[in-house]
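A short write-up of the structure that comes next.
The values are calculated or read from the model by the stated rules, or taken from the named source; none is laboratory data. No experiment lies behind these values; they were computed from the predicted model shown. Cβ: placed from backbone, ideal geometry, glycine included. Neighbour counts: every protein chain shown. We work out accessible area using only protein heavy atoms, side chains counted, and drop any ligands, DNA or RNA first. Shrake-Rupley method; radii C 1.70, N 1.55, O 1.52, S 1.80 Å.
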Amino acid sequence: MVPLAWYNVTSDFGRMARAAGGIAFAVLLMLTELGFRQGFFDAATAIIEALDADIVLINPQKIRFGAKEPFARAQLYQAAGVPGVASVKPMYGEWRTSIWKNPQDHHLFNIQVLAFDPDQSVWLLPAINSKLEELKLPDTVLADAKGRRFLGRPAAGQSTELSYHRVRIVGTFNIGPDFTYDGTIIMSDRNFLKYFSDPLTTDPKLDMVEFGIVKVTQGANVQSVQAGLQRIMPANVRVLTKQEFFDLELDYQSGLAPVGPIFGLGAIFGFLVGTLITYQILFADLSDQLPQYATLKAMGYGRAYIVKSVLQQSAFYGLVGYLPSWLLAILLYAAIAQITLLPLGMTIKMTALSLGMTLGMCLISGAVVVRRVLQVDPAELFV
């Protein structure tokens, strides 16, 4: 037997299509905001994901990956002596004075520069690790092929300028931009010293690092090694697992960065708009169906059955409206990703969250509208 709620939804195709369209609009709004939010987070954490690290050492003042907060490299030698530590590798970064010249049109742009010792790779990316020997050469860099298009189209063999020094591109990798930095350049620590050391310093060695990349020995417990490091590290060094460092970036982007909270508010706004739209749809439908429900009450059906039927009808409307918006969102993500170069894509987590929000807004609307049905008096309708 066809459930009453499903019959009410599908008995009038035109009405169902209009209702599905209204709900789909709100769902698509939510999916767009959730997609941008997830893409924003994925872009911000892509560098961290690419690090070959179990533990990361940073300055306690560093609140995000791209904040310039170095600490003394000497602390890395101290960390290397902790039981369970296989290696501790320095990593350098520059975000303020790193100026990139587009190889094609020669326009200048700020860019993120990361450096490491090619004899001690800190990366999981094969595109970087396959070019370690080339990076040892003077004035060589690797360029992000997925950087913003206005940075140029980098390719191996090209020459350009980085912070007004001539450089040669020996290869490319794929990480992509985020909402702060349009692209990334990777180079050796030796070239980094040449390009970005302070000309006024009396000690030009690479004695300050941005990150200490720690690998633990095979079979060692990461949390135990972390505890050992925390016991000996001074107050100016913070010891984080890779996941904790990842979470630190997410906390900044979701709470302190100006962009992250906007997408969250956009999703909430879509939820509220969807609740209002669904309420109007259900109110109009149930107003037409009051005689039907009055008949059920007269036949002895109780409040529980009527409430269940109305909530089921609300949920069915949500499902009917969700499917087309979900399919359209996949196409929209693909188009936006091509334009913005952000890692937008539908995920199981996003699907579950958006479906839950869709059913939630429909059930809330149904719970409000059902009072109208429960208050109807069969005697008044059939006088």
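Listing for the model above:
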read-out	value
Whole-Å semi-axes of the ellipsoid equivalent to the chain (Cα gyration tensor, √5λ, descending)	58, 24, 15
Percentage, to the nearest whole number, of Cα pairs in region 13-114 over 24 Å apart	54
Label point distance in nm, A80-F25, each placed 7 Å from Cα along Cα→Cβ	6.5
FRET efficiency, 1/(1 + (r/R0)^6) with R0 35 Å, evaluated for I262 and Q120 via beta carbons	0.30
Theoretical FRET efficiency, 1/(1+(r/R0)^6), r = Cβ-Cβ of E49 and A298, R0 51 Å, to 0.05	0.20
Per-peptide average of other Cβ atoms within 10 Å, ordering 242-249, 18-25 highest first	18-25, 242-249
Size-normalised alpha-carbon gyration radius of region 37-80, reference 2.2 N^0.38 Å	1.39
Leading residue at positive end of dipole, the chain (Cβ point charges), from Q253, I111, F36	F36
Probe 1.4 Å, accessible area per residue of the chain, Å²	47
Surface share of carbon and sulfur [accessible, 1.4 angstrom probe, percent] for the chain	61
GNM top mover of Y317, Y181, Y293 - the chain, alpha-carbon springs below 10 Å	Y293
Evaluated over region 273-383, the Cα radius of gyration and Dmax, each in Å	18.6, 65
Local electrostatic count at A367 - Lys and Arg +1, Asp and Glu -1, tallied over other residues with Cβ under 14 Å	+4
Normalised convex hull volume, region 119-257, alpha-carbon set, Å³ per residue	168
Accessible heavy-atom area order of H106, H165, highest first, probe of 1.4 Å	H106, H165
FRET efficiency, Y305 to Q280 (Cβ-Cβ, R0 25 Å, nearest 0.05)	0.50
Residues with amide H under 5 Å from that of R153, placed H, sequence gap 5 or more	Q104
Helix-only CD estimate at 222 nm, as mean residue ellipticity for the chain, using -39500 (n - 2.57) per DSSP H run (n ≥ 4)	-16500 deg cm²/dmol
Normalised per residue, the volume of the convex hull around the Cα set of region 214-341 (Å³)	253
In region 88-146, the trypsin sites (Lys or Arg not before Pro) that fall in loop regions by DSSP, at most 13 other Cβ within 10 Å	R96
Accessible area of V222 in the full protein assembly, 1.4 Å probe (Å², nearest 10)	40
Linear extension gain, F269 paired with N221, 0.36 nm per residue minus alpha-carbon span	12.9 nm
